[in-house]
Amino acid sequence: MTPDRLRAALRGVPDPQWLDAALRRVATEPTAIERFFATAARRCGRGPLPDPPGWTADEAARALLLTTLPNGHAAAAETLYRQGDAAEKRAVLRALPLLPIGAECVPLLHDAIRTNDTRLVAAALGPYARHLEQPAWRQAVLKCVFTGVPLAVVDDLPERADGELARMLAAYAAERHAAGRTMPDDAADLLRRLTIPTPEA
């Protein structure tokens, strides 16, 4: 995902002049971002974008506002996340991979993963989750299984899934079986892939 792609996707928003003006203002007056961030949904809409898939117009507009900041990206993301409603928090989480912040905002991922809002959990496991340490990442994947978040939202799942995650999934599968219940299909498929013996060379 790139800011240019988000900008192209937002060409058809209800008020494109507002968005252009907001981006110009934030570039020269960073403190204005809080006001524009709060009103982005009303001015740009909340509907899903056909491309990039999985993004809504307000998320894309808010992510663009964050990328437009001349500096202080991590501090702004922290403030907007902590002060925001659920939709604003999701937008911050989705914007994190686009910002020059390294691992500074990993605490926001931990906060989102602790919530009971499955949409926040899903947003936290996008590309920025590469900064999560493996134990925390495994627990987040398991929470997806517990709460019904599709594993398709977990970025880099095939590359990061390991034997310890397989052990955790197997233990959960055993609990579900003992209770007469089954695993979600995507979790069962992942467990099968992780436990298929590797053919000997």
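Bear in mind these aren't lab numbers, they're just calculated from the coordinates by the rules spelled out. Fair warning: this is a prediction, and the values are worked out from it, not measured in the lab. Glycine also receives a Cβ, built like all others from the backbone with ideal geometry; neighbour counts cover every protein chain displayed.
Please compute the contact order of the stretch 1-83 in relative form: average sequence separation of alpha-carbon pairs under 8 Å and at least six residues apart, divided by the residue count, as a percent. Write out the running numbers ahead of the final one.
Numbers: 83 pairs, mean separation 29.2, N = 83.
Averaging sequence separation for qualifying contacts and normalising by length gives 35 percent for the stretch 1-83.
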Completion exercise
Quick calc: nm separation of the 7 Å Cα→Cβ label points for Gln17 and Thr182 -> 5.6
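Report the net charge of residues surrounding Pro14, where surrounding means a beta-carbon distance below 15 angstrom and charges are Lys +1, Arg +1, Asp -1, Glu -1. Don't jump to the answer; show the numbers that get you there.
Working: positive: Arg11, Arg42, Arg43, Arg46; negative: Asp15, Asp20, Asp58.
Here the charged neighbours net out to +1.
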Exercise for the section: Post the alpha-carbon centroid distance, the stretch 48-76 to the stretch 120-185, in whole angstrom. Expected result: 26
Practice task
Using label points projected 7 Å from each Cα along Cα→Cβ, tell me how many nm separate Asp162 and Asn71, to one decimal.
Solution key: 3.8
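Taking only the C-alpha atoms, wrap a convex hull around the stretch 87-201 and report its volume per residue in Å³ as a whole number. Let's see the in-between values first.
Working: hull volume 13.2 nm³, N = 115.
Spread over its residues, the Cα hull of the stretch 87-201 gives 115 Å³ apiece.
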Handout entry: the stretch 90-154 - Rg (one decimal) and Dmax (whole number), Cα, Å
Key = 10.7, 33
Problem - For the chain, average projected area of the Cα convex hull in nm² - result: 13.0
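Treating only the Cβ atoms of Lys and Arg (+1) and Asp and Glu (-1) as charged, compute the dipole magnitude of the stretch 1-149 about its Cα centre; round to the nearest 20 debye. Mind showing how you got there, number by number?
Details: 19 positive and 15 negative charges, 45 e Å.
My answer is approximately 220 debye.
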Handout entry: log₁₀ of I(q)/I(0) at q = 0.14, 0.22 Å⁻¹ - the stretch 40-156, Debye sum with one point per alpha carbon
Key = -0.54, -1.31
Exercise for the section: Place a label point 7 angstrom from the Cα of Arg42 along the Cα-to-Cβ direction, then list the residues of the stretch 1-25 whose backbone nitrogen is under 15 Å away. Expected result: 15, 18-19
Practice task
Grab every C-alpha pair in the stretch 4-91, bin the distances at 5 angstrom width from 0 up to the longest one, and report whole percents.
Solution key: 2, 16, 29, 26, 19, 7, 0
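Ranked highest first by the average count of other Cβ atoms within 10 Å around their residues, in what order do 90-102, 131-143, 148-160, 177-189 fall?
Details: 90-102: 21.5, 131-143: 16.6, 148-160: 14.5, 177-189: 12.5.
With the highest mean Cβ count within 10 Å placed first, the list reads 90-102, 131-143, 148-160, 177-189.
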Exercise for the section: Can you figure out the FRET efficiency of Arg119 with Ala27, using R₀ = 30 Å and their beta-carbon distance, to the nearest 0.05? Expected result: 0.55
Practice task
Provide, for q = 0.15, 0.22, 0.23 Å⁻¹, the log10 of I(q)/I(0) from a solvent-free Debye sum over equal Cα point scatterers in the stretch 133-201.
Solution key: -0.46, -0.96, -1.04
